[in-house]
There are 2 protein chains.
Amino acid sequence: MIGVFDSGVGGLTVVREIFKKLPDYKIIYFGDTARTPYGTKSKETIIKYAREDAKFLLDHGAKIIVIACNTASAVAADILRKESGVPVFEVIMPAVRAALSATKKGKIGVIGTRATVSSGVYETMIKKDNQGIQVISQPCPLLVPLVEEAWLNQPETKKIVRKYLQPLKNQQIDTLILGCTHYPVLKNIIKSRIGKKVVLVDSAEEVVRELKEFLAKNSGVEKSLGKDGSHKFYVSDLTPQVPKIAEKLLGRVVKMEKVEVG
Amino acid sequence: MIGVFDSGVGGLTVVREIFKKLPDYKIIYFGDTARTPYGTKSKETIIKYAREDAKFLLDHGAKIIVIACNTASAVAADILRKESGVPVFEVIMPAVRAALSATKKGKIGVIGTRATVSSGVYETMIKKDNQGIQVISQPCPLLVPLVEEAWLNQPETKKIVRKYLQPLKNQQIDTLILGCTHYPVLKNIIKSRIGKKVVLVDSAEEVVRELKEFLAKNSGVEKSLGKDGSHKFYVSDLTPQVPKIAEKLLGRVVKMEKVEVG
């Protein structure tokens, strides 16, 4: 079983990629909708929540964990790798690798929540072996609530995206990391604002591409996952809004069950 | 000690009113910033959180509880009244009474979070003894994140406020209840959009006016509160953003301490 967790429903964009690239694998998803969002909270609180989320997935038989949340990836991936005893995938490094191979001018933009951007994780990881690369980061805290309201094409959303992207446009970036799993559904308006020549790096796509490569090489783990095509979706709170936005992010309707975690 | 709790920092507008109308009283405030917002969550989850928040205040010596959160007031006030053993004030009924005395045409608008509006509590309470009154409710889920980003005068905020208020303006309401403790800081842009003739009912002002009247009549409770002018502010998560927005909502700088609740 592939375990995927997120602060809420944004991580369903990662599940959508798993559906595309790794159909038939058993999936268990946990979205912490009772405590969402993580992106405005402190490192300490996010680590506590990520540990509880991962424990839920492991207790339910996950043999791989995918942290489908940039905020939790940024602050809790190393801790979960040490503690969980299963392979842990996160959404930061795959995006970093994709951005490094895409950039020509060495000017990479990063957009994400306040917590992700403050952590400096993208900048640190990009510059680690590539000191000459320029990284321009921009926190976009209002995009998660806008996506969760399903305001995907509203003029207000376009205006806010425009405002957030202006500093990145001014710096003439050639590659932009969508550093939050909510953002892929805004890809079109981001693309039209930042310019068609800028390569958009979608962390959901990249993590699943790397997961697929990993499974091709690690048949022991691959076999332990199970391939009966069953999917289970759990959330810590279930309002009428949750299935609505889940459908938009996932591209299909799924049954969701409420559980208590933490 | 007057205990005040909220899902986050919005309830500080109620504390600001206590500072104005009831200076010198001891205050303890708890803001559940680790689980904020409540307004997008389910009734069941909100009740659980409200119980834990009230318990924290009572354990620390509160002799009165003010629920400074419309969402929690809407779904948890009656439960806390039964369970807490102290007088419980909430922000719904004072606003309902004020709106009923203000309206001339009998057309009252209500804006709030999705949970508050879905609960139908304002409409139910307004119509209880006044069936002829027309209530037009509008959920405004993006206003809380906008206020928490301190985007108080941004053109994007104005545009979103305009969009939300349009249906209320079309219905020619003459009174508008600001059904969320975050909204008083947006009063000016709400006023300019909805029109100067519309009476704005600020639930923070109304609940503290009623609390003051209650204390004038109940000297036993009043004496138990203590009046050394001390204030304690607790939050369940403390990011650099929290004191910034707290200062905007409260109009002054206060020390905040992080605690675990629940």
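The values are calculated or read from the model by the stated rules, or taken from the named source; none is laboratory data. These numbers come from a predicted model, not from an experiment. Here the Cβ is made from the backbone with ideal geometry for all residues, glycine too, and neighbour counts use every protein chain on show.
Every condition in (1) within 13 Å of chain A (Cβ to nearest Cβ); (2) free of Cβ contacts under 8 Å to residues at least 24 places away in the same chain; (3) within 21 Å of B:E90 (Cβ to Cβ) is met by B:K163 except one, and the failing one is (3).
So, A:T36, is that one β-branched (V, I, T), closer than 19 Å to B:T45 by Cβ and in contact with a Phe, Trp or Tyr (Cβ under 9 Å, 6 or more places away or on another chain) or not? Against the criterion (β-branched (V, I, T), closer than 19 Å to B:T45 by Cβ and in contact with a Phe, Trp or Tyr (Cβ under 9 Å, 6 or more places away or on another chain)), A:T36 does not qualify.
Table: residues versus (1) modelled with pLDDT under 95; (2) touching a Gly at 6+ places or on another chain (Cβ under 7 Å); (3) closer than 23 Å to B:A246 by Cβ; (4) assigned by TED's automatic domain parsing to the domain that holds B:V14.
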{"position": "B:I136", "(1), (2), (3), (4)": "no, yes, no, no"}
{"position": "B:V144", "(1), (2), (3), (4)": "yes, yes, yes, no"}
{"position": "B:N153", "(1), (2), (3), (4)": "yes, no, yes, no"}
{"position": "B:I194", "(1), (2), (3), (4)": "no, no, no, no"}
{"position": "B:V198", "(1), (2), (3), (4)": "no, no, no, no"}
{"position": "B:E210", "(1), (2), (3), (4)": "no, no, no, yes"}
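Does A:V117 satisfy being out of contact with any helix residue (DSSP H, G or I) (no Cβ under 7 Å at 6 or more places or on another chain), within 14 Å of another protein chain (Cβ to nearest Cβ) and of a type in the set (A, V, I, L, M, F, W, C)? Against the criterion (out of contact with any helix residue (DSSP H, G or I) (no Cβ under 7 Å at 6 or more places or on another chain), within 14 Å of another protein chain (Cβ to nearest Cβ) and of a type in the set (A, V, I, L, M, F, W, C)), A:V117 qualifies. Taking A:G106, is it buried (at least 18 other Cβ atoms within 10 Å of the Cβ), among the small types (G, A, S) and more than 18 Å from A:F214 (Cβ to Cβ)? Spelling it out, it is not the case that A:G106 is buried (at least 18 other Cβ atoms within 10 Å of the Cβ), among the small types (G, A, S) and more than 18 Å from A:F214 (Cβ to Cβ).
Among the conditions (1) under 29 Å from B:R35 (Cβ atoms); (2) touching a residue at least 40 places away in the same chain (Cβ under 8 Å), B:I189 misses just one, which is (2). Considering only residues in the range B:131-158 that are in contact (Cβ under 8 Å) with a residue 60 or more places away in the chain, of a type outside the set (V, I, T) and out of contact with any Leu (no Cβ under 8 Å at 6 or more places or on another chain), the one that is farthest from the other protein chains (Cβ to nearest Cβ) turns out to be B:A150.
Looking at the range A:78-118 only, could you name the residues that are in the same structural domain as A:E44 (by TED's automatic domain parsing), among the basic types (K, R) and out of contact with any strand residue (DSSP E or B) (no Cβ under 8 Å at 6 or more places or on another chain)? A:K82 - this is the single residue of the range A:78-118 that is in the same structural domain as A:E44 (by TED's automatic domain parsing), among the basic types (K, R) and out of contact with any strand residue (DSSP E or B) (no Cβ under 8 Å at 6 or more places or on another chain). Scanning the range A:117-147 for residues that are of a type in the set (G, A, S) and closer than 18 Å to A:T103 by Cα yields a total of 2. Total residues in the range B:180-192 satisfying the condition of being assigned to a helix (DSSP H, G or I) and surrounded by 19 or more Cβ atoms within 10 Å (Cβ to Cβ): the figure is 5. Answer with yes or no whether B:G61 is of a type outside the set (D, E) and either without any contact (Cβ under 8 Å) to a residue 24 or more places away in the chain or over 25 Å from B:L176 (Cβ atoms) (or both). When the stated conditions are applied, B:G61 passes them. Every condition in (1) under 17 Å from the mean Cα position of the chain (by Cα); (2) more than 30 Å from A:S119 (Cβ to Cβ) holds for B:I245 except the one numbered (2). Among the residues making up the range A:240-253, those that are in contact with a helix residue (DSSP H, G or I) (Cβ under 8 Å, 6 or more places away or on another chain), within 12 Å of A:V9 (Cα to Cα) and not charged (D, E, K, R) are A:Q241, A:I245, A:A246, A:L249, A:L250. Scanning the range B:225-251 for residues that are assigned to a loop (DSSP other than H, G, I, E, B), in contact (Cβ under 8 Å) with a residue 40 or more places away in the chain and under 24 Å from B:C180 (Cα atoms) yields a total of 5. Candidates in the range B:226-260 are the residues that are within 14 Å of another protein chain (Cβ to nearest Cβ) and over 21 Å from A:G39 (Cβ atoms); of these, the one that is surrounded by the most Cβ atoms within 10 Å (Cβ to Cβ) is B:V259. For B:I177, are the conditions met, namely being within 19 Å of the chain's Cα centre (by Cα), away from chain A (no Cβ under 11 Å), surrounded by 18 or more Cβ atoms within 10 Å (Cβ to Cβ) and in a strand (DSSP E or B)? When the stated conditions are applied, B:I177 passes them. Tell me which strands (runs of 3 or more DSSP E) are completely within the range A:1-73 and hold 1 or more residues being within 13 Å of chain B (Cβ to nearest Cβ) and crowded, with 24+ Cβ neighbours inside 10 Å, or say none if there are none. Of the strands (runs of 3 or more DSSP E) lying wholly inside the range A:1-73, those with at least 1 residues that are within 13 Å of chain B (Cβ to nearest Cβ) and crowded, with 24+ Cβ neighbours inside 10 Å span A:27-31.
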